[in-house]
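Written out below as structure tokens is the structure these notes cover.
Throughout, read-outs are computed from the coordinates displayed, never taken from laboratory work. Values in this document were obtained by computation on a predicted structure and should not be read as measured data. FYI the Cβ positions are ideal-geometry reconstructions off the backbone, even for glycines, and counts take in every protein chain you see.
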Amino acid sequence: MKHLLSLEQLSRADMGAILAASVVMKRQRGHHASRPLEGQTWALLFAKSSTRTRVSFEVGLRELGANVMFLSAADIQLGRGEPIKDTARVLGRMVHGVIFRTFAQADVEEFAHYSGIPTINALTDEEHPCQILTDIFTFQEQRGPIQGKIVTFVGDGACNVPASWVFAAAKLGFELRIAAPKQFQPPLSLLERAGFTHVHAQPSPVGEVITGSATTGGKIVLTADLQAAAKGAHLLYTDVWVSMGKEAEAAERIKVLAGYQINAALVRHAAPDALVMHCLPAYRGKEIDDATFEAHAQTIFDEAENRLHTQKAIIAWLVA
Ligand code: CP
């Protein structure tokens, strides 16, 4: 039984297979030779809001032949305290696969264990694997192989999206720079889990710079120095400063992260043809300014569309 629970657990070979299949899914949309989910019913089980993930999975599953049901976690007994493992065993007897968006990574893993059906992590507090696979597909579609390139993540570097980027950098062999204040940088334990070695700190005028390397050629840099992190980058990437579930910290986060914004001044430090991406939703004036967002909207909405193609590739890989 295959699942997609995290990039941490996904092999480099499987990442490569999904990325290659994404190209085919996009090219063949509307002309698929087979509908591998014909006669099946898949459920989307969501405990958090969603636009892109929900719509792209619903459309993608239908295009692959499945019937789809959307279950808000709050509307089923899960929301009244029924255990995950019981919900999983019920759904496992009735549907053929589940797309699960929730808070704890452990809940997605428990669901996969007890359900006995393919389970996809549609975002937890720890990872957003479908998003980052899509981002890499989008980068490669527009700029070629990501191996050896420089990706700079700007903003809250201690949440799910940058964590998935860390695992991807170690596996696919690119340089990931995370530009964030110290308290919004990922823990060193995450770098070690990803396979980065020789992790060490060097002093700099704006605090320590942490670096590490992986056997694939992947590199990691954690720094508070935004301009240094952007220098020569092939991709500037950001996400919201206040992730779902962190609303109570909003004022403090906006204060501490102020300045960690993608804007025209920052883009000038990147490579001349650098891409700008955002996993969306975007908060103009916070993690990105309006003019920069609109200047790069074509790429950002290609990225949003590509959720559909990459997630169809993930599902086809799961059920193959
Ligand atoms: N990027 C992303 O996952 O978007 P949604 O929260 O709208 O699904």
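Exposed loop sites here are chymotrypsin sites (Phe, Trp or Tyr not before Pro) in DSSP loop states with at most 16 other C-beta atoms within 10 Å. What is the longest stretch of the chain lacking them?
104-282
With no solvent and one equal point scatterer placed on each C-alpha of segment 54-196, evaluate the Debye formula and give log10 I(q)/I(0) for q = 0.13, 0.22 Å⁻¹, two decimals.
Here the Debye-derived log intensity ratios amount to -0.70, -1.30.
Place a point 7 Å from the Cα of Ala106 along the Cα-to-Cβ direction; which residues of segment 53-84 have their backbone N under 20 Å from it?
What the label zone holds, given the 20 Å backbone N cut-off, is 78-84.
Estimate the FRET efficiency between Ala295 and Arg89 by the formula 1/(1 + (r/R0)^6), using the beta-carbon distance for r and 51 Å for R0, to the nearest 0.05. Mind showing how you got there, number by number?
On the way: r = 50 Å, r/R0 = 0.97.
Plugging the Cβ-Cβ distance into 1/(1 + (r/R0)^6) gives 0.55.
Ratio of Rg to Rh for the chain, alpha carbon only, Kirkwood?
That ratio equals 0.96.
Taking H as built 1.01 Å from N, whose amide H comes closer than 5 Å to the amide H of Ile99, not counting residues under 5 places away?
Counting only residues 5 or more places away or on other chains, the set is Ala43, Leu44, Leu45, Ile120.
Using the Kirkwood radius built from alpha carbon pairs, what does the Stokes-Einstein equation give as D for segment 136-273 at 20 °C and 1.002 mPa s, in µm² per second?
On the way: Rh = 15.0 Å.
After rounding, the answer is 142 µm²/s.
Pop the C-beta distance of Thr216 and Ala248 into the FRET formula with R0 = 30 Å and round what comes out to the nearest 0.05.
0.20
Roughly what % of DSSP beta bridges within the chain run antiparallel, to the nearest 5?
Expressed as a percentage, antiparallel bridges in the chain total about 20.
Taking 22 Å as R0, compute the FRET efficiency from the Cβ-Cβ separation of His32 and Ser11 and round it to 0.05.
0.30
Counting other C-beta atoms within 10 Å, which of His309, His269 has the fewest, and how do the rest follow?
On the way: His309 24, His269 17.
Final ranking by Cβ density, sparse to dense: His269, His309.
Magnitude of the Cβ-charge dipole of the chain, K/R +1 and D/E -1, about the Cα centre, nearest 20 debye?
Magnitude of the dipole: close to 560 debye.
Given the DSSP H assignment, sum -39500 (n - 2.57) over each helix run of at least 4 residues in the chain and divide by its residue total; what's the result at 222 nm in deg cm²/dmol, nearest 500? Let's see the in-between values first.
Values: 12 runs with 129 residues, N = 320.
So the helix-based figure for the chain works out to -12000 deg cm²/dmol.
Quick check on my link table: of Lys85/Lys182; Lys246/Lys312; Lys26/Lys246, which ones sit more than 32 Å apart, alpha carbon to alpha carbon?
Flagged as over cut-off: Lys85/Lys182; Lys26/Lys246.
So if I restrict to the alpha-carbon atoms in segment 13-120, what is the Rg, and what is Dmax, the biggest pairwise distance, in Å?
Rg then Dmax for segment 13-120, in Å: 14.7, 44.
To make sure I understand, if each residue's beta carbon is the centre and we count other beta carbons within 10 Å, what order do Val161, Val23, Val154 fall in, fewest to most? Display every interim value, and only then the final one.
Working: Val161 22, Val23 15, Val154 28.
The order, fewest Cβ neighbours first, is Val23, Val161, Val154.
How would you rank Cys130, Cys279, going from fewest to most other Cβ atoms within 10 Å of each one's own Cβ?
Cys279, Cys130
Taking 0.36 nm per intervening residue step and subtracting the Cα-Cα distance, what contour gain separates Ala74 from Glu208 on full extension?
43.9 nm
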